[in-house]
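Asker: This is the structure I have questions about; it appears just below.
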Amino acid sequence: MAKTVRETIKELTRNHLLAGSKCYGQCLTAVGWVGGTLPEFYEKDGMVELSMADVAGAGIVVGAALAGERPIYVVRYQGFQWFNAPIIANYAMKSKDIWKRPCPMLIRSIAMEGGIGPVAGSSHHSIYHRMPGVKIISPMTAKEYTMAYENFMSDDDVYYISEHRKSYDNNLELENIIHDNADITLFPISITRFAAMQAATELNEAGYKINVIHQVWIKPFVFYEQWNTALKNSKFGGLVLDDDYAEGVASSIAHTMMLESNSRVETLCLQNKTAGFYPSVDNLPPNKEQIKKKILSIMKQYGSRRK
Amino acid sequence: MSEFRLNVFKRASLSRNFEQFVFNGIKNKVFKLPIYLSAGQEYISATIAQVMNDKDIEPNIFIQHRGHSTYLSFEASIEKLIDELLGRKTGCANGMGGSASIHSVEKNIFGHDGLMGSQVPIAVGHCYKTQEPTIVYMGDASAEEDYVLGALGWASTKNLPILFIVEDNNLSILTEKKVRRNWEMQNVAKAFNMRAYSIQDEPHSIRDSLAGAFDGPMLLNIGTHRKFWHSGAGIDNEDIFDRYMEEMKLLGPKALLIHEETKNKVEKLWQKQLEKQ
């Protein structure tokens with residue numbers, strides 16, 4: 001049986017700490033161990049509990065990174081990045097440019113949603129996306145997570161790992177689906193990748209040709225030639241899916257794709273509204289049905305004009 | 001007069017003469033960037049640097065934006081600071097740091113990013129990792145940042161060998177402390193179970209307060225006076241107390257001679273660096 005994402009993160013963290021580095025965060029050693037992704041270590045083993053002062057806590061980890069520790073910093077809800085970002089974005093990400101003093105740290109930023117209200121829910125990788133000095137990866141599989149960690153360990157930049165709790169049980173790798181002359185190409189990010197695969201499978205069974213090209217490396221964004229060709233050959237262009245608001249990563253990479261392919265690329269992300277706690281007022285990532293509906297709507301709208 | 005006091009004066013004199021030259025340069029539009037002069041406050045770093053030197057301690061130093069005197073007191077390269085203010089790649093921060101973000105690898109001085117007070121949690125994290133003697137400077141305004149207070153609390157919890165220095169000139173740009181708050185930093189630090197004292201920038205007071213520094217976290221709130229404007233070349237108050245001039249009077253002809261020699265040295269260094277353009 002292949003390892004799950006949960007088991008992979010736990011093993012990587014264990015080895016990281018056994019090698020002498022540290023893992024910092026709030027409420028790490030409580031029941032649950034951050035969704036079972038941490039080894040049951042304590043401060044003497046390198047698992048460091050910070051106080052609940054988010055901005056200061058992030059700054060403390062930046063200081064440890066500056067001292068060469070290569071810390072892992074666990075932020076249990078991505079929405080808490082609004083407090084954590086200031087010193088990471090303004091010091092850790094700029095230190096190499098200004099002083100030639102790298103400040104490499106791996107930020108485990110964990111998304112989840114469903115009944116957790118206006119701050120804690122969904123992904124927030126767009127907060128950091130505009131800043132120089134950061135690499136953003138959103139791994140949803142065990143191999144992708146290992147790749148992200150290994151890249152971090154051989155680099156001297158800040159790494160923002162946009163995780164999602166619903167990926168933790170996943171033990172499958174997600175392959176791209178590319179057809180000749182597809183109807184549309186999906187470019188899903190984070191947890192939307194699973195719904196995109198389901199939507200594509202159902203529409204393909206219904207006779208459509210839907211490409212799915214998974215987006216793992218968010219920044220730097222590289223628009224590979226194979227992807228560009230797939231997009232250019234798609235009758236109705238592309239659709240970027242994200243678990244964050246559209247006004248960020250999704251619009252940015254859609255913009256790059258459009259410039260390079262001269263094809264139309266739309267976005268389907270969180271709605272532009274505040275999430276409430278009750279299901280009827282929540283703001284969830286696009287699900288399978290919403291993705292299918294959007295694809296069919298694009299096809300209907302542009303059917304006569306083609307792209 | 002004690003040798004210690006004279007040695008502190010030498011360090012302070014380097015800073016004062018450097019800042020006076022820069023002050024004149026700003027007026028003559030030599031510089032193309034905002035400059036934060038530390039004149040008037042130089043006795044704090046001059047004294048602490050002398051004490052560290054006498055005790056043979058080489059601390060990690062986290063500087064703030066008004067940091068020329070800290071940089072110079074701890075004997076970082078004056079030529080590189082001049083080049084930095086001139087925006088050259090040979091500057092101490094590769095021409096990127098300007099006046100506010102200077103640093104020195106050789107002297108373990110870490111630059112400041114411009115986010116007021118961010119150096120405090122960063123210093124705490126660095127100290128936690130290294131467990132080495134660490135000094136972090138902040139102003140009485142940046143001390144009010146919430147993340148500074150959070151970092152003080154954690155440094156106390158972890159009993160780190162760190163010294164927090166509050167350069168208290170009573171001003172945030174021009175807003176006085178009494179307008180901004182009704183509490184004092186030494187009391188906040190004490191509430192965090194940390195040793196803390198409120199003193200003035202008189203060298204013996206600072207030296208005596210440093211006894212036991214790095215045995216655990218400690219905070220010194222040091223009253224001082226900013227001689228020039230918050231930024232740029234100007235004087236807010238001609239009558240403001242000037243520790244440097246007071247010490248020069250106290251130390252007599254020897255100090256006057258040091259002042260003159262240092263002034264000539266600084267001017268020559270500036271001329272030499274300016275001619276390189």
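Table: residues versus (1) part of a loop (DSSP other than H, G, I, E, B); (2) in the same structural domain as B:GLY153 (by TED's automatic domain parsing); (3) under 22 Å from B:ASP56 (Cα atoms).
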{"residue": "B:ASP83", "(1), (2), (3)": "no, no, no"}
{"residue": "B:LYS89", "(1), (2), (3)": "yes, no, no"}
{"residue": "B:ASN94", "(1), (2), (3)": "yes, no, no"}
{"residue": "B:HIS126", "(1), (2), (3)": "no, yes, yes"}
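Asker: Given the structure, is B:VAL120 without any contact (Cβ under 8 Å) to a residue 40 or more places away in the chain, at the interface with another protein chain (Cβ under 8 Å from one of its Cβ atoms) and either over 21 Å from B:GLN41 (Cα atoms) or buried (at least 24 other Cβ atoms within 10 Å of the Cβ) (or both)? Steps first, answer last, please.
Answerer: Values: without any contact (Cβ under 8 Å) to a residue 40 or more places away in the chain: no; at the interface with another protein chain (Cβ under 8 Å from one of its Cβ atoms): yes; either over 21 Å from B:GLN41 (Cα atoms) or buried (at least 24 other Cβ atoms within 10 Å of the Cβ) (or both): yes.
Spelling it out, it is not the case that B:VAL120 is without any contact (Cβ under 8 Å) to a residue 40 or more places away in the chain, at the interface with another protein chain (Cβ under 8 Å from one of its Cβ atoms) and either over 21 Å from B:GLN41 (Cα atoms) or buried (at least 24 other Cβ atoms within 10 Å of the Cβ) (or both).
Asker: What strands (runs of 3 or more DSSP E) completely inside the stretch A:53-141 contain at least 1 residues that are among the charged types (D, E, K, R) and touching a residue at least 40 places away in the same chain (Cβ under 8 Å)?
Answerer: Details: elements: A:72-75, A:106-111, A:134-137.
Passing ranges, in order: A:106-111, A:134-137.
Asker: If you don't mind, another one. If the requirement is being touching a strand residue (DSSP E or B) at 6+ places or on another chain (Cβ under 7 Å) and either on the phi > 0 side of the Ramachandran plot or of a type in the set (Ser, Thr, Tyr) (or both), which of these qualifies: B:GLY95, B:GLY117? Quick ask: steps written out before the conclusion?
Answerer: Working: B:GLY95 fails: touching a strand residue (DSSP E or B) at 6+ places or on another chain (Cβ under 7 Å).
The match here is B:GLY117.
Asker: Specify which of the listed residues (B:PHE192, B:PHE164) is among the aromatic types (Phe, Trp, Tyr) and under 18 Å from B:GLN50 (Cα atoms). Even if it seems obvious, please write down each step before you answer.
Answerer: Working: B:PHE192 fails: under 18 Å from B:GLN50 (Cα atoms).
From the options B:PHE192, B:PHE164, the qualifying one is B:PHE164.
Asker: Give the residues of the stretch B:82-110 that are within 22 Å of B:PHE23 (Cα to Cα), in contact (Cβ under 8 Å) with a residue 24 or more places away in the chain and within 9 Å of another protein chain (Cβ to nearest Cβ), sorted by residue number.
Answerer: Within the stretch B:82-110, B:SER101, B:HIS103 qualify.
Asker: Follow-up question, since we're still on this one. Can you pull out the helices (runs of 4 or more DSSP H) entirely within the stretch A:173-283 that have at least 3 residues that are farther than 22 Å from A:SER297 by Cβ?
Answerer: On the way: elements: A:192-205, A:225-232, A:249-261.
Result: A:225-232, A:249-261.
Here is a yes/no grid of residues against (1) in the same structural domain as A:THR13 (by TED's automatic domain parsing); (2) in contact with a His (Cβ under 6 Å, 6 or more places away or on another chain); (3) modelled with pLDDT of 95 or more; (4) among the hydrophobic types (A, V, I, L, M, F, W, C):
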{"residue": "A:SER138", "(1), (2), (3), (4)": "yes, no, yes, no"}
{"residue": "A:THR146", "(1), (2), (3), (4)": "yes, no, yes, no"}
{"residue": "A:ILE161", "(1), (2), (3), (4)": "yes, no, yes, yes"}
{"residue": "A:ILE177", "(1), (2), (3), (4)": "no, no, yes, yes"}
{"residue": "A:LEU203", "(1), (2), (3), (4)": "no, no, yes, yes"}
{"residue": "A:TYR208", "(1), (2), (3), (4)": "no, no, yes, no"}
{"residue": "A:VAL212", "(1), (2), (3), (4)": "no, no, yes, yes"}
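The values are calculated or read from the model by the stated rules, or taken from the named source; none is laboratory data. As the structure is a prediction and not an experimental result, all values here were calculated from the model. When we count neighbours, we look across all protein chains shown, and the Cβ atoms used for this are built from the backbone with ideal geometry, even at glycine.
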